[in-house]
Every structure is written in C-alpha cells, then in structure tokens.
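S.K.: What follows is a single structure, and I will ask about it in a moment.
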Amino acid sequence: MNQSYIINQLAEEREKYFHAVAPPIIQTSNFAYPTVDEFMFAIQNEKDEHIYTRGNNPTVDMLCQKMAALEGAEDCLMVGSGAAAITNAVMSQVNAGDHIICVQNPYSWANHLMTKILPRFDVHTTFIDGTKIENFQQAYTSKTKLIYLESPVSWTFELQNLAEIAEFSKKRGITTVIDNSYCTALCQKPIDFGIDIVIYSATKYYNGHSDVVAGAICSSKEIITQIFHNEYMTFGNILAPQNAWLMLRSLRTLPIRLKQSSESTIEIMKYLYKSPKIEKIWYPFHENNPQLDLAHQQMKMPMGMFTVALKNRNMSAIKKFCKSLQNFLIAVSWGGHESLIMPKCAFVQENDPQVNMIRFYIGLEETSYILEDLDRNLSIL
Ligand SMILES: *Cc1c(COP(=O)(O)O)cnc(C)c1O
C-alpha cells in the first residue's frame, strides 16, 4: 500500500463526519445499541465492534489501521505506552517454565520485566550479544519460547541480523519480538525479514512532538486477536482517544520529520567525525561501524540518534559542556521536534568507564543552528 495513501486517506471515512478533513475525537467510554439483537451481535464480535473504549474506539481504530498498514502487518493494537507494548507482547507469548533469549542492554523497562517481574512467574531470560547468530544458538534450550530483539540497541546501536534470527527461530517454533522504536516502519520493516511481533514506543518518532506517551503492537491477525482478548483487555493500558487523535495528526508529517532528523544527523556526523574532542562515535550509519553493511541492508534511512564518547572524562567539564549547549535540552526520551542530550554521567559514578558518553538526539531545528552550538561549545571543552 502506498505510504502517502496510508497517511492521508486510509480509514478516513469523511462522509460519516460532515466531510471534515481532520477526523473526530470520539471522546466516549461507552457505546449504546438500539436493539438487544444489535447489542448481542456487538458482544459476540467484540474485537471488531464498539462496546466499550477499553476494547475499541473509532478514533483509536483509525490509528491502528494506519499503523498496521505502515508496518505491512495484518493488524495492530495501540496501547498507552511503549512499556505497555513490551509487557503485552512478551507476556502473551510465555508460560511458567519458559525461557527467553534477549539482546543485552535492551530498553531499561524491558530489562526490568525480564529480570524482575517474569522470574516471579518462573520465566527466565538469557541476555546475549545479539550481533552474532552463534550466541543465539548457544543460549537456545528446549524451553526457549521467545527471542526479544532491539535493532539497533539504544546507547551503543548494535544491530541484529533480523533475517538470520527469524530463520533460526522459525525452525525451532520460537516467537520473535522486536522493539523497532529507533527505526519506525519507514526505515525498517521487521516483518519483511520474518519477525513475528513488532512493538513501538510511539512516544518517540511516531508522535514526535513530546506531548503524548503511546505504544503499538503490530503482528498477524491471529496473534493480535489473541493479545486483544487476553492481555490487552485485562491489563487495560489503553491509548485514550484524545492521544490517538494527536498521533493521527503526527502521522501526517512523519516522513518529512524523519527525513529532516536523518539528513541533519548525517551533516552533524561529518562534523563530529573530524572533531579532536571526540574519542568515539556509536551510530549505525557511521563509516567506522563494523556493521555498516548490515545497517544498509536492513535500514532505509540513517535516523537521528547517536552516542559520542568525549576525550575529556572530567565530570565537571562534561557537566559544564552539557549546560553550555544552548540548543539541546538535557532530558530522557527522544524523537520529538527538539534536539536533546542524555549524558551518561547523570546515571553513573565519576570513575565509571562510561562517564564520558553522551547520547544525542537531533530534532527538527535547522542543521546550522545545531552545528553552531556544538562547534562553539566543543571548542572550549
Ligand atoms: C522510550 C522507549 C521505550 C518505552 O516507551 P514509553 O513510551 O516511554 O513507555 C521502549 N523502547 C525504546 C527503544 C524506547 O526508547
């Protein structure tokens, strides 16, 4: 399906709402039926009808259809956060006694789920370096039911070979889940490589304005229907109609936002590559990335987040540098209109080997505006 068609036309039934160009926000918890027969029909077809907004809501449904189509997935569920997408997807696939293989250093709350919560239900996880398929083979046991991926991983941006891992998993009846938040479907389509479930923090690039927390789960009709009737309805972590509407608005500009963030980042990378103040850069499309070929194979765009290690390891010098950058905010998260830095020194002790790492997200400001700020402040570091 054409991307522009999905973003601008798909699921928009304007004749139902006065031919308004922008869709309505159906701000209701409940849906009423004129007859018992129609009510009965809706109850029997809960996944496709409107009964109660914890299950379905027309504004949210419109977003789900667009997200599924962008992904090339049969179906999608929107949830109230990326963390909820992880929890619903992972918990839907495991039972007591099962084993998970997960890439090392996944998103922090995915890590918390697998190290703190799932062990209480006798589900145990082995964390591996996901850059080599041999590590998956070594970690595999007859109890392995799920492989959890994040390509690239936040902070250090290692990739996993999705086609190889999908083939490995299919042969053994293992379900594969990937956190594809960094790429979005516009840059990487894991389902095309054979991955089963794609989850997102839609808070990041998809919404892109730092004003909504949201998550998405994209997969086959079978898997999504199963999650809907079990984890989704029970955990109740829905996306509110108002937030779904804001996300629908955000989707209109997704392609140009990603293009700007990617193009700016490539320019900034060229500058940082030459800077004598930088010790190391982690970025999938960096020319020194040993996985550069794989990045080009799997990713259609470079995207806008990377990490640098400064040569200067002095905590107070790093703090001063971060404070003096005027066109970057110091914050968690990423994917919005605004450029951000996340200094590792906020999370570790002064003598930590990673103290000099800073994660950068490049937003939608003019490239020169960002570059000038970096240049001015790196020179005095
Ligand atoms: C932010 C983030 C999440 C969690 O998403 P929330 O919407 O904050 O719950 C998951 N994965 C990655 C890679 C993220 O950056």
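S.K.: When you scan region 53-62, do you find a residue that is assigned to a loop (DSSP other than H, G, I, E, B), touching a residue at least 60 places away in the same chain (Cβ under 8 Å) and closer than 21 Å to residue 174 by Cβ, even just one?
M.R.: Checked against the condition, which is being assigned to a loop (DSSP other than H, G, I, E, B), touching a residue at least 60 places away in the same chain (Cβ under 8 Å) and closer than 21 Å to residue 174 by Cβ, region 53-62 yields no hits at all.
S.K.: Right, next: Out of all the residues in region 316-325, is one or more of a type in the set (A, V, I, L, M, F, W, C) and assigned to a loop (DSSP other than H, G, I, E, B)?
M.R.: yes
Rundown of residues vs (1) closer than 21 Å to residue 303 by Cβ; (2) within 16 Å of the ligand (Cβ to nearest atom); (3) at pLDDT 95 or above; (4) touching a strand residue (DSSP E or B) at 6+ places or on another chain (Cβ under 8 Å), yes/no style:
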site	(1), (2), (3), (4)
97	no, no, yes, no
146	no, no, yes, yes
151	yes, yes, yes, yes
155	yes, yes, no, yes
174	no, no, yes, yes
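S.K.: Let me ask another. Kindly provide the set of residues from region 99-115 that are outside any strand (DSSP E or B) and either of a type in the set (Lys, Arg) or more than 10 Å from the ligand (Cβ to nearest atom) (or both), ordered by number.
M.R.: Matches in region 99-115: 104, 105, 111, 112, 113, 114, 115.
S.K.: While we're looking at this one, here's another question. For residue 291, indicate whether it is over 23 Å from the mean Cα position of the chain (by Cα) and either more than 16 Å from the ligand (Cβ to nearest atom) or under 20 Å from residue 368 (Cα atoms) (or both).
M.R.: no
S.K.: Looking for whichever is under 23 Å from residue 220 (Cα atoms), at pLDDT 95 or above and surrounded by fewer than 18 Cβ atoms within 10 Å (Cβ to Cβ) here; the options are 38, 74, 134, 46. Which one fits?
M.R.: So the residue among 38, 74, 134, 46 that is under 23 Å from residue 220 (Cα atoms), at pLDDT 95 or above and surrounded by fewer than 18 Cβ atoms within 10 Å (Cβ to Cβ) is 74.
S.K.: I've got another one for you. Only one of (1) farther than 15 Å from residue 64 by Cα; (2) within 13 Å of the ligand (Cβ to nearest atom); (3) not charged (D, E, K, R) fails for residue 226. Which number is that?
M.R.: Among (1) farther than 15 Å from residue 64 by Cα; (2) within 13 Å of the ligand (Cβ to nearest atom); (3) not charged (D, E, K, R), the lone unmet condition for residue 226 is (2).
S.K.: Within region 307-330, does at least one residue satisfy the condition of being crowded, with 19+ Cβ neighbours inside 10 Å, in the same structural domain as residue 269 (by TED's automatic domain parsing) and within 16 Å of the ligand (Cβ to nearest atom)?
M.R.: yes
Table: residues versus (1) buried (at least 20 other Cβ atoms within 10 Å of the Cβ); (2) over 27 Å from residue 194 (Cα atoms); (3) not assigned by TED's automatic domain parsing to the domain that holds residue 59.
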position: 242; (1), (2), (3): no, yes, no
position: 279; (1), (2), (3): no, yes, yes
position: 284; (1), (2), (3): yes, no, yes
position: 298; (1), (2), (3): yes, no, yes
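S.K.: Does residue 5 satisfy the criteria of being surrounded by fewer than 12 Cβ atoms within 10 Å (Cβ to Cβ), within 25 Å of residue 218 (Cβ to Cβ) and among the aromatic types (Phe, Trp, Tyr)?
M.R.: Here the answer is yes, as residue 5 does meet what is asked.
S.K.: Identify the single condition in (1) in contact with a Ser or Thr (Cβ under 9 Å, 6 or more places away or on another chain); (2) over 30 Å from residue 287 (Cβ atoms) that residue 228 does not satisfy, given that it satisfies every other one.
M.R.: (1)
S.K.: Does region 319-334 hold any residues that are under 27 Å from the mean Cα position of the chain (by Cα) and more than 19 Å from residue 368 (Cα to Cα), and which are they?
M.R.: Matches in region 319-334: 330, 331, 332, 333, 334.
S.K.: Residues in region 164-175: is at least one closer than 24 Å to residue 305 by Cβ and in a helix (DSSP H, G or I)?
M.R.: Yes - at least one qualifying residue is present in region 164-175.
The values are calculated or read from the model by the stated rules, or taken from the named source; none is laboratory data. The structure displayed is predicted, hence computed values, not measured ones. As a convention, Cβ positions derive from the backbone with ideal geometry for all residues, glycine included, and neighbour counts pool all protein chains shown.
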